[in-house]
1. Among the numbered criteria (1) at pLDDT below 95; (2) under 17 Å from the mean Cα position of the chain (by Cα); (3) crowded, with 18+ Cβ neighbours inside 10 Å, which one does residue 278 miss?
2. When you look at residue 112, is it within 21 Å of the chain's Cα centre (by Cα), surrounded by fewer than 21 Cβ atoms within 10 Å (Cβ to Cβ), outside any helix (DSSP H, G or I) and modelled with pLDDT of 95 or more, yes or no?
3. Of the numbered conditions (1) touching a strand residue (DSSP E or B) at 6+ places or on another chain (Cβ under 7 Å); (2) modelled with pLDDT under 90, residue 217 fails exactly one; give the number of that condition.
4. Assess whether residue 67 counts as being modelled with pLDDT of 95 or more, over 21 Å from the mean Cα position of the chain (by Cα) and surrounded by fewer than 23 Cβ atoms within 10 Å (Cβ to Cβ).
5. Surrounded by fewer than 19 Cβ atoms within 10 Å (Cβ to Cβ), modelled with pLDDT under 95 and part of a helix (DSSP H, G or I): does that describe residue 46?
6. I'm told residue 191 meets every condition in (1) surrounded by 19 or more Cβ atoms within 10 Å (Cβ to Cβ); (2) free of Cβ contacts under 8 Å to residues at least 24 places away in the same chain except one. Can you identify the failing condition by its number?
7. State all residues of region 126-154 that are in contact with a helix residue (DSSP H, G or I) (Cβ under 7 Å, 6 or more places away or on another chain), farther than 17 Å from residue 207 by Cβ and part of a helix (DSSP H, G or I); if no residue qualifies, say none.
8. Please indicate, with yes or no, whether at least one residue in region 53-61 is within 20 Å of residue 294 (Cα to Cα) and not in a loop (DSSP other than H, G, I, E, B).
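The values are calculated or read from the model by the stated rules, or taken from the named source; none is laboratory data. Since the structure is predicted, the reported quantities are computational estimates derived from the model, not experimental observations. Every residue, glycine as well, gets a Cβ built from its backbone with ideal geometry; the counts of neighbours run over all protein chains shown.
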């Protein structure tokens, strides 16, 4: 696909009435860059000291143009403010984000409103401000409680800070608090992971996400691996770590609802479930992706270009694609099979349904009524299951 440097015009689109509609807002600022991160983020030195106020102004303009582009702006059922480090905006900044959204869109009365936060840029006062602004859920980057693991990941918070932040959020009135874990970091042991899981559970949160470390090309960690300074664990080690954390969480009354996510009853992240179940969303902010009416698009990445295009009266679209029926089908299977609720058999083509018996016989899938659900072993091989299933 041709990459355009100037913004392009989105085609006309309308949200689908029977699908949940969400808004994702990308905050592109970080105090420092973690060695494993390849997200669209910028440190103060990379932005030349640019003030986030300019980003907030541009965001409000994008949201206003988004509502206009959609014609009749749909009611928003979920909001997710991610990054980057949204908590660097402070309570006033994150309140302004929601004010900008409410200026152009209507939030459902029971809308789930999430912000990510890094533990080192939070405080009891911040959580109080977020609750007063209307946030209902907070997701904290914990990664690990092992100091040497945090050091390898270039995380700056102390091992106990994420746990303290989770308790502060609960004290401020947040019923839904998530902690993110990363497993498979070079130098991590099984015991390191289990201690981290135990500590997260003891913090009283109702949701945990856990992701195997992926070393992305172009990151500082990839360069260290290439130089032989770090040795990545093999797939067998990652599989064992996944089984260990799943068993530990199950014993603590957490249930998996997506391959990398566990919650107590009622603690599931509705915004992410919307992604996995084919919902639609507007992605606002530099580099954000959106999906409405079979059109997927992505914004220009740099905050200065983003603000400039909006200042010129244009949506900051880098490019877009219209998904055809085959692509929609592949993505539907790929995402829904990862859910505990499983994949409806009716979604599959006749030839794909004929492959189900082999995957059930191999112990990777099981039938639950008219749905297919990954087995414990199938969760470890979810990508392979999708490849074997699809035409």
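1. Every condition holds for residue 278 apart from (3).
2. Values: within 21 Å of the chain's Cα centre (by Cα): yes; surrounded by fewer than 21 Cβ atoms within 10 Å (Cβ to Cβ): no; outside any helix (DSSP H, G or I): yes; modelled with pLDDT of 95 or more: yes.
So residue 112 does not fit the description; no.
3. Evaluating residue 217 over (1) touching a strand residue (DSSP E or B) at 6+ places or on another chain (Cβ under 7 Å); (2) modelled with pLDDT under 90 leaves (1) as the failure.
4. When the stated conditions are applied, residue 67 passes them.
5. Details: surrounded by fewer than 19 Cβ atoms within 10 Å (Cβ to Cβ): yes; modelled with pLDDT under 95: yes; part of a helix (DSSP H, G or I): yes.
The answer is yes for residue 46.
6. (1)
7. 126, 129, 133, 149
8. The initial filter retains those residues of region 53-61 that are within 20 Å of residue 294 (Cα to Cα), namely none.
Within region 53-61, not a single residue is within 20 Å of residue 294 (Cα to Cα) and not in a loop (DSSP other than H, G, I, E, B).
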